[in-house]
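Chemist: Here it is, the structure in full.
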Amino acid sequence: MIDPATIHSTLSIASVEPFILRIPIATPVKTPMGMVDSAIALLVRVTTTQGEEGWGEVWCNFPRFSAFNRAVILTKVIGPFLKSRQFAGPYEAWSAMSTAANVLRLQSGDTGAIASAIAGVDIALWDIVGKRERRPIWSLLGGKVGIIDTYASLGRSHGGEEMIEDAMKRGFRGFKLRCWGNPDQHIGAYHKARAQIGPDMELMTDCNSSWDIAHAADWSQAFAGLNMSFIEEPIPVDSPKAVWQEIARRAPAKIAGGENMITEAMLDDAIDGDVYGVVQPDICKYGGFSGLAPIAARIVGAGKRYAPHIFSGAPGLLASAHILAAANSPDGALEYGIEYNPPRDDFVRHQIRDGKIEIGDAPGLGVEVDVDQISRYHVATPSW
Ligand SMILES: [Mg+2]
């Protein structure tokens with residue numbers, strides 16, 4: 001991985017435009033974070049004074065209306081700041097945005113909203129520089145091969161047999177099911193899934209922070225004998241360290257987490273500590289390429305598994321794929337939600353072969369978002 005601070009390419013920004021997308025889905029899903037009744041994405045287009053264009057994406061999955069606040073942060077805070085300055089490259093811009101918004105972040109308590117808005121703009125700036133240099137971002141940042149491992153992520157435990165069958169036909173070789181609350185309600189589905197996929201493919205669980213912390217270490221035992229690759233977020237990230245350590249000691253699989261770590265300090269703690277074997281930061285939620293590339297290098301350097309979290313449209317998915325490829329991780333794997341997701345699938349539909357995605361050599365992120373095409377999903381950014 002190349003230090004993003006060393007890559008210079010002058011940036012003068014003319015505009016920062018958010019695009020909120022919302023597409024109702026046929027079958028709403030009740031999650032521990034709230035009801036998911038639509039696919040939501042907040043894309044951002046950044047244009048330079050020379051007319052170059054880059055696309056990024058801002059995490060806004062929960063609460064389901066949070067795209068509005070983040071879009072206004074883009075138009076009223078980040079955009080005006082960027083337009084009044086020139087930067088030596090994306091890292092300098094990311095660093096300047098982070099510093100300039102720091103007092104607002106502290107006063108508002110909106111650490112997540114501000115960090116994700118900055119992350120989305122950073123992704124767009126790297127897209128611009130990649131296109132300018134005619135190189136994919138994974139290569140700009142020192143990746144050796146533009147091919148990554150991926151795994152299929154299902155938003156359920158029971159009832160996923162057909163989806164798993166279809167995903168295996170598409171080429172997926174790893175599967176993650178949900179376990180919201182007591183595993184007694186779910187464990188049958190994991191045994192079914194293991195029998196369906198056979199002994200050699202990966203099987204994982206994501207609990208979305210839903211386990212009772214008093215029972216979590218005991219509950220993890222339910223997964224013994226299933227050859228699980230990891231148990232993700234059994235309890236909330238800010239639960240007492242001693243509880244996390246107890247779970248990590250007793251669980252029959254590595255502990256995974258990182259999607260709810262939205263500061264460098266939180267991620268450093270996960271990298272240096274003895275709890276997490278798998279670290280999963282989300283590039284649209286914290287850091288973009290500039291903030292996360294050094295952290296990804298540290299995850300891999302510490303011998304931990306780097307498995308980026310992502311649940312997004314096309315720019316976010318591609319950004320995650322590029323940073324994973326750039327990290328040259330020996331066992332990294334990208335999450336790939338396998339249910340239909342229009343903000344992603346209308347723009348990219350990857351061929352998956354033997355569990356791998358070939359990102360390709362297209363410059364920048366490798367996606368052009370057609371504004372006319374997304375207009376049918378477009379929800380206006382509130383004026384202020
Ligand atoms: Mg998760």
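No lab work stands behind these numbers, since they all come straight from the coordinates. In this text, all values refer to a predicted model and were calculated from it rather than measured experimentally. Virtual Cβ from ideal backbone geometry, glycine too; neighbours counted across all protein chains shown.
Chemist: Where in segment 247-266 does the amide nitrogen come within less than 11 Å of the point 7 Å from the Cα of residue 62, taken along Cα to Cβ?
Modeler: 260, by backbone N distance to the label point.
Chemist: Output the 0 to 90 degree angle, nearest 10, between the alpha-carbon long axis of helix 241-250 and the longest principal axis computed from the alpha carbons of the chain.
Modeler: Taking Cα atoms only, the helix is inclined about 50 degrees.
Chemist: Something else: Could you give the length gained on full extension between residue 47 and residue 86, defined as 0.36 nm per residue of separation minus the Cα-Cα distance, in nm?
Modeler: Values: separation 39, 0.36 × 39 = 14.04 nm, distance 1.31 nm.
The span from residue 47 to residue 86 would gain 12.7 nm if fully extended.
Chemist: Continuing with this model, one more query. Taking +1 at the Cβ of each Lys and Arg and -1 at the Cβ of each Asp and Glu, which of 8, 242, 263 sits farthest along the dipole of the chain towards its positive end, judged by Cα position relative to the Cα centre?
Modeler: Highest projection toward the positive end goes to 8.
Chemist: Calculate how steeply helix 161-170 sits against the longest principal axis of the alpha-carbon atoms of the chain, using the helix alpha-carbon long axis, and give the answer as 0 to 90 degrees to the nearest 10.
Modeler: 60 degrees
Chemist: Determine, for 186, 8, the number of other Cβ atoms within 10 Å of each Cβ, and report the residues in order from fewest to most.
Modeler: Starting with the residue having the fewest Cβ neighbours, the order is 8, 186.
Chemist: Among 175, 81, 19, which one shows the highest mean-square fluctuation when the chain is modelled as a Gaussian network with alpha-carbon springs under 10 Å?
Modeler: Among 175, 81, 19, the largest mean-square fluctuation in the Gaussian network model of the chain belongs to 81.
Chemist: In addition: Below 20 Å, Cα to Cα, which aspartates and glutamates can residue 131 reach? Residues fewer than 8 away in the same chain don't count.
Modeler: List returned: 3, 17, 52, 53, 57, 92, 122, 358, 361, 368, 370.
Chemist: Let me ask something else. Mind checking which aspartates and glutamates have their Cα closer than 18 Å to the Cα of residue 192? Skip sequence neighbours fewer than 8 apart in that chain.
Modeler: 161, 162, 165, 166, 184, 200, 202, 206
Chemist: Additional query: Nearest 10 degrees is fine. How inclined is helix 288-301 to the longest principal axis of the chain, computing both from alpha carbons?
Modeler: Between the helix axis and the principal axis of the chain, the angle is about 40 degrees.
Chemist: Let me ask you something else. Report the trypsin sites (Lys or Arg not before Pro) located in segment 114-189 that are in a DSSP loop and have at most 13 other Cβ atoms inside 10 Å of their Cβ, or state none.
Modeler: Working: sites: 131, 132, 134, 144, 156, 169, 170, 173, 176, 178; in loops: 134, 144, 156, 173.
Qualifying residues, ordered by number: 134, 144.
Chemist: Quick one: which of 144/356; 30/304; 304/356 span more than 25 angstrom between C-alpha atoms?
Modeler: 30/304
Chemist: Put a dot 7 Å past each Cα toward the Cβ at residue 3 and residue 218; how far apart are the dots in nm?
Modeler: Those two pseudo-labels are separated by 5.1 nm.
Chemist: By the gyration tensor of its Cα atoms, with a ≥ b ≥ c the square roots of the eigenvalues, what is the shape of segment 139-358: rounded for a/c under 1.5, prolate for a/b over b/c, or oblate?
Modeler: oblate
Chemist: Still on this structure: If you plug each phi of segment 175-191 into the Karplus form 6.51 cos²θ - 1.76 cosθ + 1.60 with θ = phi - 60°, what whole-Hz ³J(HN,Hα) values come out, in order, with x for Gly and Pro?
Modeler: Rounded to whole hertz, the list is 9, 10, 10, 8, 9, 8, x, 3, x, 3, 6, 10, 4, x, 5, 6, 5.
Chemist: Equivalent ellipsoid semi-axes for segment 131-212, as square roots of 5 times the alpha carbon gyration tensor eigenvalues: give them largest first, rounded to whole Å.
Modeler: Taking √(5λ) for each Cα gyration eigenvalue gives 32, 16, 10 Å.
Chemist: When a/c reaches 1.5 or more, the comparison of a/b and b/c decides; with that in mind, is segment 304-384 rounded, prolate or oblate per its Cα gyration tensor?
Modeler: prolate
Chemist: Something else now. Using only DSSP helix segments of four residues or longer, with each worth -39500 (n - 2.57), what per-residue ellipticity at 222 nm results for the chain after dividing by its residue count and rounding to 500?
Modeler: That calculation yields -10000 deg cm²/dmol at 222 nm.
Chemist: What percentages make up the Cα-Cα pair-distance distribution of the chain when the bins are 10 Å wide from 0?
Modeler: The percentages, shortest bin first, are 5, 25, 34, 25, 9, 1.
Chemist: What length, rounded to one decimal in nm, is gained on full extension from residue 162 through to residue 370, with 0.36 nm per residue of separation minus their alpha-carbon distance? Before the final figure, lay out the partial values.
Modeler: Numbers: separation 208, 0.36 × 208 = 74.88 nm, distance 3.22 nm.
My answer for the length gained is 71.7 nm.
Chemist: Also, quick follow-up: Which length gain, in nm to one decimal place, applies between residue 76 and residue 349 when the Cα-Cα distance is subtracted from 0.36 nm times their residue separation?
Modeler: On the way: separation 273, 0.36 × 273 = 98.28 nm, distance 3.38 nm.
This chain segment gains 94.9 nm when fully extended.
Chemist: Continuing with the same structure: Give the order of 228, 168 when sorted by the count of other beta carbons within 10 angstrom, beginning with the fewest.
Modeler: Values: 228 20, 168 16.
Lowest count first: 168, 228.
Chemist: For a quick check: sort 375, 320 by the number of other beta carbons within 10 angstrom, fewest at the front.
Modeler: Result, fewest neighbours first: 375, 320.
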